[in-house]
1. Excluding ligands, DNA and RNA, what is the solvent-accessible area per residue of the chain at a probe of 1.4 Å, expressed in Å²?
2. How much length would be gained if the chain were fully extended between Glu96 and Met1, taking 0.36 nm per residue of separation minus their Cα-Cα distance, in nm to one decimal?
3. Amide H neighbours of Ile92 under 5 Å, at least 5 residues apart or on other chains, H built in the peptide plane: list them.
4. Can you tell me, using C-alpha contacts under 8 Å and at least 6 residues apart, the relative contact order of the chain as a whole percent?
5. Which of these, Ser231, Ser19, Ser93, has the largest mean-square fluctuation under a Gaussian network model of the chain (Cα springs below 10 Å)?
6. Considering only protein heavy atoms and a probe of 1.4 Å, how much of the accessible area of the chain is carbon and sulfur, as a whole percent?
7. Give me the angle, in degrees from 0 to 90, between the Cα long axis of helix 221-258 and the longest principal axis of the Cα atoms of the chain, rounded to the nearest 10.
8. Using alpha carbons only, how many angstrom separate the centre of segment 14-55 from the centre of segment 67-141?
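The values are calculated or read from the model by the stated rules, or taken from the named source; none is laboratory data. Computed from a predicted structure; not experimentally measured. Counting neighbours? That spans all protein chains shown, and the Cβs are built from the backbone with ideal geometry, glycine included. Side chains included, ligands, DNA and RNA excluded: accessible areas come from the protein's heavy atoms. Shrake-Rupley method; radii C 1.70, N 1.55, O 1.52, S 1.80 Å.
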Amino acid sequence: MNNIIQNLEPLKDRLRNHSLYSSIKDIDDLKIFSNAHVYAVWDFMSLLKFLQIKLTSTSLPWFPIRNTTTAKLINEIVAGEETDEDQNGRPISHFEMYIDSIEEFGLNTEEILSNINSLNNLESIEEDIDKLVIKDYVKDFLKFTFSVIRRGNVHEVASVFTFGREDLIPDMFIPLIEGINAKNNHLNKLIYYFKRHIEVDGDMHGPMSMEMLSFLCNNDPAKIADSSSVSEKALIARISLWDGIENDIKLRKNNYEKV
């Protein structure tokens, strides 16, 4: 695992230092970001649900599972992501929390929800993603996620889950969102979402995820190689998503300057 972490460090550095963060300066930039990022918030849950199915007992009749530590991790994350609490103590998933937060600053989510609701068949999901009227870079991000899920290798899904969803990213966004919010842009729910994301994931889930992945790879050189490869692809997919969003922000500003 340490070798994988070291190999991924250059890509993580690219994410930490991506120029997207400094490109988001106002509410219109934030709308462009959220309109794409919302799909990454959503597809994370499919990675998590795959792991829940594979690593916890969901059979009837019930039987004990092989690794209770791994099952505990997944069950805790499911509880935190699917049934957290909003600012008013109302039970809510993090995806729904995100939807509420972007609606607060005026982003219309009807098309987003319609798109997501249309992706209800795992067998044809990549073809269905192609039919959506969304940016190609968002399609590519979603198709990568579901290609890993459809291959069905639990150690690969766990690798994308562990390494591909960068925990440092919420820290990057909180200062810039608070800066935009200082101008009374109604971003309190979005700030709460990112802070809650950090709080719930915390320091515990990262080490537990690593322990889960170590258990699944079980010192098998082939699985470790798979893990390293798919994790690298996951980080590249995230960088490409960030590149696409940043280019759209720059395009909006260029068009605005021409008017």
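1. 50
2. 30.9 nm
3. Distant-sequence amide H within range of Ile92: Asp84, Glu85, Asp86.
4. That works out to 32 percent.
5. Its mean-square fluctuation being the largest, the pick is Ser19.
6. Details: 6420 of 12930 Å².
Taking all protein chains in place, the chain shows 50 percent carbon and sulfur surface.
7. Helix 221-258 and the main axis of the chain meet at about 10 degrees.
8. What the calculation gives is 10 Å, centre to centre.
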